[in-house]
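S.K.: Sharing a structure here in structure tokens format.
We did not get these values from a lab; they are worked out from the coordinates using the rules stated. The shown structure was predicted, so the numbers you read here are calculated from the model rather than taken from an experiment.
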Amino acid sequence: MKDKKISKLGAILVSFIMLAFTINVAAQGQHHKFTKQELTDFIHAVKKVIPIQKEGQEKMAIKIRKNDFTVKEYNDILSKIQKKKDVDLPRKRMQAFNVLAAEVKKIQEEYHLKIAHELNNEGLTMDKYDEILVAYQKDPEVKSRINKLMQENN
């Protein structure tokens, strides 16, 4: 019974972690109207955010490896929990995973705040950044405008 409680706690924790870093902007099929300044701010922000994201990912990978998991194993367990599949791990290993997931969540929160700070410095909110990012990925017009601005700034 205690193992099921631990697994449920892990699943809730994992769900929260994934929600915190999932972009939930429904952008497909929308026509986006961003000002030139918003797109310029986005370009400047991307240049600052990418190194922060890489640093955070590396810090999480190090934490995972130091806790005797591989990144692949950690991600596989995470994926199974998210899909509500059984995770076939010994009790102590599952407990270790749950503790690790909480530590990884703290790292994610720390880097989320760093990113939010940099975005704020560039005049963007996290929501606006996410909106432009999704539009860049899904709207050829926005992608073209951003690419053109990047070329002009080089």
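S.K.: What list of ³J(HN,Hα) values in whole Hz, one per residue of segment 43-51 in order, does the Karplus curve 6.51 cos²θ - 1.76 cosθ + 1.60 (θ = phi - 60°) give from phi, with Gly and Pro shown as x?
M.R.: 4, 5, 5, 4, 4, 8, 6, 4, x
S.K.: Using a/c under 1.5 as the rounded threshold, could you call segment 55-101 rounded, prolate or oblate? The axes a ≥ b ≥ c are square roots of the C-alpha gyration tensor eigenvalues, and prolate needs a/b larger than b/c, oblate otherwise. Provide the component values of the computation, followed by the final result.
M.R.: Details: a/c = 2.45, a/b = 1.50, b/c = 1.63.
Here segment 55-101 falls in the oblate category.
S.K.: So which aspartates and glutamates can residue 138 reach, going by Cα to Cα under 17 Å and dropping same-chain residues fewer than 8 places off?
M.R.: The qualifying aspartates and glutamates are 127, 130.
S.K.: Check the straight Cα-Cα distances from residue 105 and name the lysines below 18 Å, setting aside those fewer than 8 residues away within the same chain.
M.R.: Result set, ordered by chain and number: 8, 54, 59, 63, 66, 72, 80, 114.
S.K.: For segment 73-90, take each phi angle, set θ = phi - 60°, evaluate the Karplus expression 6.51 cos²θ - 1.76 cosθ + 1.60, and give the result in whole Hz per residue in order, putting x for glycine and proline.
M.R.: 4, 4, 5, 5, 5, 4, 4, 4, 5, 4, 8, 6, 8, 5, 10, 8, 10, x
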